[in-house]
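**Q** So that we are looking at the same thing, I have put the structure below in structure tokens.
Each value in this text was obtained by applying a stated rule to the coordinates, not by laboratory testing. All values derive from a computational prediction rather than experimental measurement. Every residue, glycine as well, gets a Cβ built from its backbone with ideal geometry; the counts of neighbours run over all protein chains shown.
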Amino acid sequence: MFWADKIAKEIIQSGKYQPYRVDDMFTPSGFAHVGSLRGPLVHDLITKAIRDAGEKPLYTFVINDFDPIDGLPQELQEKFEQYLGFPLCNAPSPNGKLESFAEFFANDFKKVLTDLGMEAKFLSSWDMYHEGKFNEVIKEALDGTDKIKAIYKRVSGSKKGDENWYPFQVICPNCGKLGTTRVVGWDGKTVEYVCEPEMVTWAKGCGNTGRISPFDGNGKLLWKVDWPAHWKVLGITIEGAGKDHSTAGGSRDIAREICKEVTNYPEPYNLPYEFFLYGGKKMSSSKGLGLKARDLISVLPPNVGRFLFSKTDYREAIEFDPSGTLAISSLFDEYDRSWNAYVEGSDETLSRTFEFSQTGVLPPKEKTFISRFRDVVNYIQLPNIVLVDKFNELKGELLTSFEKEILEERERYARVWLKNYAPEEVSFQMAQTLPDVAKHLTDLQKNYLVRVAELIREENTADELQIKLYNLSKELELGAKEAFSAIYIAFTGRESGPKAAWFLLQYPKDVVVKRLMEAAESKEEVL
Ligand SMILES: [Zn+2]
């Protein structure tokens, strides 16, 4: 059974999570990396699985735009330093065109999510606090501060319990910072606060002190308390987070205890999803490691991008490193297998994976000629090929208009891949016509190319061919370097390149033989 169907079934059969209110959140403090897509999409897939089971789930996605800016993306470090400590909503937009810092990064992420077919109602934390929706839980949390301190101490061993501390921060009325204030008193109506110069290392408070109402957006709950508080405000019954939040003594354990002892609200169903690894490492926005979420939709069609997340159970890590690897073309192959399973009804799990990867309506369940991404990559690099003719020929009859659309889409993404991500042995393109420099090949090199053409006509694996190319250079008493450069010059005009046998075997034999002979017969013009 497809993993999201399994989870949906478990949730429904437990009878504990009605109504089905799914939620996830994002803090818009910079461009999200591609790994940040996992949470929103896991929740989206579960929502759809619950819907497919005949229920009526609702999925909300909270933008944490009320959080303080506690760090800056590299490119903004100088220009935005003065805004450290401000709520994300109260700093200007980096491009000067939008309302705020928060909106700039939130919009970018929302666009990627929407392109990937996520259907959620987006909510702003800032708005909800300002509309007074958090007032009741703020009062509960402030009244329950002693309990919260005890929970922190018991669950995570935090020293917070010993300090004069409340789980709340106000926006300093004097300097506008949120990240630098500490609440030190609560009388049931107002909180007493200090804007501390030294509380955090990344921002400096102004020293202002005073009393202010904690309600209606004057401040917000600290994140670890805000999380369970917003479950109650929104009536959430299903919400997970990255597995690092679910370690023993982590924020999930704290949230669960706050639910029990302070807000008196049942803990939602947890989905502690695994990491998204990039070249074997956990992605990190702050370290600049990995691919940005927005880049994913430029390198993959939305359905294939979504497939990257749907194909893996949320409890397993996803590894994806598209730079200089075959990861993208392999992903297309995997996607095509799931498409075939969907059409043939051959493998239920694969077929459901395909259905869950669709951002629009499901394609017809009929035999479809899907142009293989690898073939498209190869053929667009070949000289004198009209792509659609080539694929009509491969299919054995004319492509339908739907099949042509698939081909056109793949051609677009194949070009992006070749330009930005493909490994050298694939992106090393065969020149459309014989490069001019081929005329300067020596007679011995030309002779070598004629003999290479004979080897191409034989059936050889890449390994066998590579050895034969090398032995042939020895037989002709031509240095290996000169021999192989003759091949590269004939095909690309360059003197070196990737492993010759693999390079040659990716093209049709007749095309390769023709080019070798052209190079062998080329002559220097004598003036
Ligand atoms: Zn201040």
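**Q** When you have a sec, figure out the Kirkwood radius of segment 80-199 from all distinct Cα pair distances and drop it here in Å to one decimal?
**A** Evaluated over segment 80-199, this radius sits at 16.8 Å.
**Q** Once label points are set 7 Å from the Cα along Cα→Cβ at both L326 and E10, what is their separation, rounded to one decimal in nm?
**A** Output for this residue pair reads 3.5 nm.
**Q** Also: So if I restrict to the alpha-carbon atoms in segment 436-521, what is the Rg, and what is Dmax, the biggest pairwise distance, in Å?
**A** When restricted to the Cα atoms of segment 436-521, Rg and Dmax are 11.3, 30 Å.
**Q** Note down, for segment 205-249, the three equivalent ellipsoid semi-axes (square root of 5 times each alpha carbon gyration tensor eigenvalue), biggest first, whole angstrom.
**A** In descending order, the three semi-axes are 29, 16, 7 Å.
**Q** Arrange the peptides 358-365, 116-123 so that the one whose residues have, on average, the most other Cβ atoms within 10 Å appears first.
**A** The densest-packed peptide leads the list: 116-123, 358-365.
**Q** Taking only Cα atoms, what is the 0 to 90° angle, nearest 10, from helix 348-357's long axis to the longest principal axis of the chain?
**A** 70 degrees
**Q** A follow-up question, please. On alpha carbon coordinates alone, what is the Rg over Rh value for segment 14-73, Rh being the Kirkwood radius?
**A** 1.09
**Q** Sort segment 228-267 into rounded, prolate or oblate with this rule: let a ≥ b ≥ c be the square roots of the eigenvalues of the Cα gyration tensor; rounded if a/c is under 1.5, and if a/c is not under 1.5, prolate when a/b is larger than b/c, oblate otherwise.
**A** Judged from the Cα gyration tensor, segment 228-267 comes out oblate (a/c at least 1.5, b/c at or above a/b).
**Q** Toward the positive end of the charge dipole of segment 436-521, about the Cα centre and with charges on Cβ (Lys, Arg +1; Asp, Glu -1), which of S496, Y448, A519 goes farthest?
**A** S496
**Q** Label-point separation (nm) for K474 and V361, each offset 7 Å from Cα along Cα-to-Cβ?
**A** For K474 paired with V361, the spin-label model returns 6.4 nm.
**Q** Give me P(r) over the chain, computed from all C-alpha to C-alpha distances, binned every 20 Å, as integer percentages.
**A** 19, 41, 25, 13, 2, 0
**Q** Given the chain, what percent of its DSSP beta bridges are antiparallel, to the nearest 5?
**A** Looking only at bridges with both residues in the chain, the antiparallel portion is about 55 percent.
**Q** How do D143, D187 line up, fewest other C-beta atoms within 10 Å first?
**A** With the sparsest Cβ surroundings first, the list reads D187, D143.
**Q** Anything over 18 Å Cα to Cα? Flag those among K79/K111; K468/K509; K6/K232, in the order listed.
**A** K79/K111; K6/K232
**Q** How tilted is helix 509-521 with respect to the longest principal axis of the chain? Cα atoms for both, answer in degrees (0 to 90, nearest 10).
**A** Around 60 degrees separate the two axes.
**Q** Per DSSP helix of 4 or more residues, -39500 (n - 2.57); summed, then divided by the residues of the chain. What does that give at 222 nm, rounded to the nearest 500?
**A** -13000 deg cm²/dmol, from helical runs alone.
**Q** For segment 23-144, max minus min Cα coordinate along each principal axis, in Å, sorted largest first?
**A** 51, 41, 22
**Q** Note the angle between two axes, namely the Cα long axis of helix 462-475 and the longest principal axis of the Cα atoms of the chain, as a number of degrees from 0 to 90, rounded to the nearest 10.
**A** Approximately 40 degrees, to the nearest 10.
**Q** Additional query: For a quick check of your reading of the filter: which trypsin sites (Lys or Arg not before Pro) in segment 289-354 sit in a DSSP loop and have no more than 14 other Cβ atoms within 10 Å?
**A** R315
**Q** On to the next question. Fewest first, what order do E131, E257, E334 take by the number of other Cβ atoms within 10 Å?
**A** With the fewest neighbours first, E131, E257, E334 line up as E131, E334, E257.
**Q** Further question on the same structure: Distance in nm between label sites at Q18 and A317, each 7 Å beyond Cα in the beta-carbon direction?
**A** For Q18 paired with A317, the spin-label model returns 4.0 nm.
**Q** OK, next. Considering only A341, I370, I297, whose Cα is most displaced toward the positive end of the charge dipole of segment 280-426, charges sitting on Cβ of Lys, Arg (+1) and Asp, Glu (-1)?
**A** Of the listed residues, the answer is I297.
**Q** Next up: Over 19 Å between C-alpha atoms is what I'm after, so list which of K9/K260; K390/K419; K189/K220; K367/K404; K159/K224 land there.
**A** K9/K260; K390/K419
**Q** Also, quick follow-up: Quote the charge dipole size of the chain about the Cα centre in Debye, to the nearest 20; the model charges only the Cβ of Lys and Arg (+1) and of Asp and Glu (-1).
**A** The dipole magnitude comes to about 960 debye.
**Q** Let me ask something else. Along the positive direction of the dipole of the chain (beta-carbon charges: Lys, Arg +1; Asp, Glu -1; about the Cα centre), which of A106, F26, P266 reaches farthest?
**A** Selected residue: P266.
**Q** Where does each of H43, H245, H33 land when they are ranked from fewest to most other beta-carbon atoms within 10 angstrom?
**A** H245, H33, H43
**Q** Two-decimal Rg/Rh of segment 349-392 from alpha-carbon positions, Kirkwood Rh?
**A** Using only Cα positions, Rg/Rh for segment 349-392 is 1.12.
**Q** Further question on the same structure: Write down, largest first, the equivalent ellipsoid semi-axes of segment 148-196 in whole Å, where each equals the square root of 5 times an eigenvalue of the alpha-carbon gyration tensor.
**A** Square roots of five times the eigenvalues give 23, 12, 8 Å.
**Q** Let me ask something additional. How big is segment 280-426 along each principal axis, measuring the range of its Cα positions in Å and listing the largest first?
**A** For segment 280-426, the Cα spread along each principal axis is 51, 39, 22 Å.
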